1. Since B:Pro150 meets every condition but one in (1) in contact with an Asp or Glu (Cβ under 8 Å, 6 or more places away or on another chain); (2) more than 11 Å from every other protein chain (Cβ to nearest Cβ); (3) farther than 19 Å from A:Trp102 by Cα; (4) modelled with pLDDT under 50, which condition does it not meet?
2. Would you be able to say whether some residue in region A:65-72 is within 18 Å of A:Glu86 (Cα to Cα), within 11 Å of chain B (Cβ to nearest Cβ), buried (at least 20 other Cβ atoms within 10 Å of the Cβ) and of a type in the set (Val, Ile, Thr)?
3. When you scan region B:69-85, how many residues do you find that are of a type outside the set (Phe, Trp, Tyr) and modelled with pLDDT of 95 or more?
4. Suppose we filter region B:27-54 for residues that are in contact with a helix residue (DSSP H, G or I) (Cβ under 9 Å, 6 or more places away or on another chain) and either surrounded by fewer than 17 Cβ atoms within 10 Å (Cβ to Cβ) or under 18 Å from B:Phe98 (Cα atoms) (or both); how many remain?
5. Being at the interface with another protein chain (Cβ under 10 Å from one of its Cβ atoms), under 18 Å from A:Phe112 (Cβ atoms) and in a loop (DSSP other than H, G, I, E, B) is the filter here; which residues of region B:1-44 pass it?
6. Based on this model, can you work out whether A:Ala56 counts as in a helix (DSSP H, G or I), among the small types (Gly, Ala, Ser) and under 13 Å from the mean Cα position of the chain (by Cα)?
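The values are calculated or read from the model by the stated rules, or taken from the named source; none is laboratory data. Fair warning: this is a prediction, and the values are worked out from it, not measured in the lab. All Cβ positions, glycine included, derive from the backbone under ideal geometry; neighbour counts span all protein chains shown.
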Amino acid sequence: MSHKRLSRIAAKRRPRALVFAALGDGTRLALVAKLCGGEPHSISQLTEGSKLTRQAITKHLRVLERAGFVRCVHAGRESRYEFDPEPIEGIKEYLDFVSAQWDQALARLKSFVEE
Amino acid sequence: MSNVIEKRIELKAPVSRVWRALTDYREFGEWFRVKLDGPFVPGQVSHGQITYPGYEHVKWEAVVQKLEPERLFSFTWHPYAVDPKMDYSKETPTLVEFRLEKIASGTLLLLTESGFDKIPSDRRLEAFRMNDGGWTQQMKNIEKHVAQTP
């Protein structure tokens, strides 16, 4: 593992915790499901068919925005939200990294006990 | 979708040998590349210093959970908490479990690391997928990487 790569991954750790937490909620998952088609949606569109208020939806959108899942784009007077797949790549990278470290450690254990 | 890393490895050594390599703090340190201050005691924090070349500045800290002789060794930690300026203590730690099983050729070691925060459950993901046909390749990628075959 290169030092640079490790530092870069370490630096990303905190946002990553946010990413996991952002996905651990049914309402937010439903919002991501609506947005991941690629079309930006207004808050009204996202509130449609939901039992939640605009305020509640806005709150959930903020959590997703902080985790980097959605971006707010302004179209005239209206705010629209669009999906950003980048954090999902981040999780994959992190789990791949931890997984690769275990492969190396277990290979060392194997030669240690089999020698 | 699961948030578990799982590894299976067959070791050509008796279970008692593998158990010692895992739970004797000096032997653990040899292959894991950490210099531990003292033996593993369930419920207690294990301290040490990483000896992996280039990472000697990194501290090792884990809380030993279970020591069930020749069967299960587990601890919680913050995986690869390598930045000395960062406070990892507020993050939820992950659980690392080593399970041993006797097999004809020696020992089967099953390693799992779980608890990478709140990943949506299988059921949620399933609902998610059915709700939206346009779900992206990225989600499939993450699923492939974190999903475990039962």
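1. Against the list (1) in contact with an Asp or Glu (Cβ under 8 Å, 6 or more places away or on another chain); (2) more than 11 Å from every other protein chain (Cβ to nearest Cβ); (3) farther than 19 Å from A:Trp102 by Cα; (4) modelled with pLDDT under 50, B:Pro150 comes up short only on (1).
2. no
3. 5
4. Total meeting the criteria: 16.
5. Listed by number, the residues that qualify are B:Lys12, B:Ala13, B:Pro14, B:Arg33.
6. Values: in a helix (DSSP H, G or I): yes; among the small types (Gly, Ala, Ser): yes; under 13 Å from the mean Cα position of the chain (by Cα): no.
No; evaluated as a whole, the condition is false for this residue.
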